[in-house]
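Written out below as structure tokens is the structure these notes cover.
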Amino acid sequence: MILKEILKILRKKNGYSQEQIAKKVFVSIQAVSKWENGQSVPSIDNLLLLSDIYGISLDNLVSGSPFFKKPYIVGNKFSFKKGILYLFIWTLSSLFLTGFGYQPFYIFLIVLTIGLILVLPELFDDYWIININDLSIKKYSKNDFRKISQLLFYPEEEKIKYSDITNVEIIYKPKARISPFDIGFDNFYLKLRTKDKNYRLELDYSGAKILPQFINYIERHNVDVYDKNNVIELLIKGESLYEYFNQRIN
């Protein structure tokens, strides 16, 4: 999404007309119209004034989301700190479940092992990294035993250069819920295509908050982006994607 669209979205979101913005920034209505039509761009002084008017940072104004430093990790990456924290919590839980020594010691070991083998691998999943020149996709095995070894060392890695990407599609699909207690995550991901392969890059909060700026970044690398559900516009407006898309189907 380019600057002209961001300026238009923010103006409408905040309930201003072009005339009102022109008066606040001390320019003509024609100047504001040209900004929103892409015929010209605001000067840095005018951008600073607009960021004050809308109460957002210059990064948010220009790119639609906060600046992010590359490399930037999207997803729940395993780290030894997280692993140690989980081990500590699960050890205490195992002691609690076995009566803090009331049960035989081997029962405690069984409970502890079950948590390490069956639960730990489910806490971490594939993730991807936004680099300056490419994307790094980190993949874990579906086999829990092999995944544990990958957590301790390194998952499989695949790099995709931006120049090899033909297009990216932003997908948001509400999850079908069979009961009011089903609070699972909706399907939110990027469908990335190269000449030889398709990829599915999952998006979570860490990805959603920088998505407008990331889309700007890959568009500058001549990547076509499709956003039929206007997800980027909703993020710039500060809308909750969960509430917006789930209200539409209720």
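The values are calculated or read from the model by the stated rules, or taken from the named source; none is laboratory data. Because the structure is a prediction, the values reported are computed rather than measured. Heads up, the Cβs are rebuilt from the backbone with ideal geometry, glycines too, and the neighbour counts pull from every protein chain shown.
Numbers below:
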item	result
Within the range 7-39, tally of residues that are β-branched (Val, Ile, Thr), in a helix (DSSP H, G or I) and either assigned by TED's automatic domain parsing to the domain that holds Arg220 or over 16 Å from Pro212 (Cα atoms) (or both)	4
The lone exception for Pro180 - which of (1) surrounded by 11 or more Cβ atoms within 10 Å (Cβ to Cβ); (2) modelled with pLDDT under 90 it fails	(1)
In the range 148-163, the residues that are in a helix (DSSP H, G or I) and closer than 23 Å to Asn198 by Cα	Tyr162, Ser163
Pairs with Cβ under 8 Å, 6+ apart, first in the range 34-56 and aromatic (Phe, Trp, Tyr), second surrounded by 17 or more Cβ atoms within 10 Å (Cβ to Cβ) and part of a helix (DSSP H, G or I)	Trp35/Leu3; Trp35/Leu7; Tyr54/Leu10; Tyr54/Leu61
Search result, residues across the range 183-199 that are of a type in the set (Lys, Arg) and at pLDDT below 95	Lys195, Lys197
Cβ-Cβ under 7 Å pairs, at least 6 apart or on other chains, the range 61-88 side over 30 Å from Gly238 (Cβ atoms), far side of a type outside the set (A, V, I, L, M)	Phe78/Phe124
Residue in the range 128-140 that is farthest from the chain's Cα centre (by Cα), counting only those that are within 14 Å of Phe78 (Cα to Cα) and of a type outside the set (A, V, I, L, M, F, W, C)	Tyr140
Checking Lys147 against (1) surrounded by fewer than 16 Cβ atoms within 10 Å (Cβ to Cβ); (2) not assigned by TED's automatic domain parsing to the domain that holds Glu219, the condition it does not meet	(1)
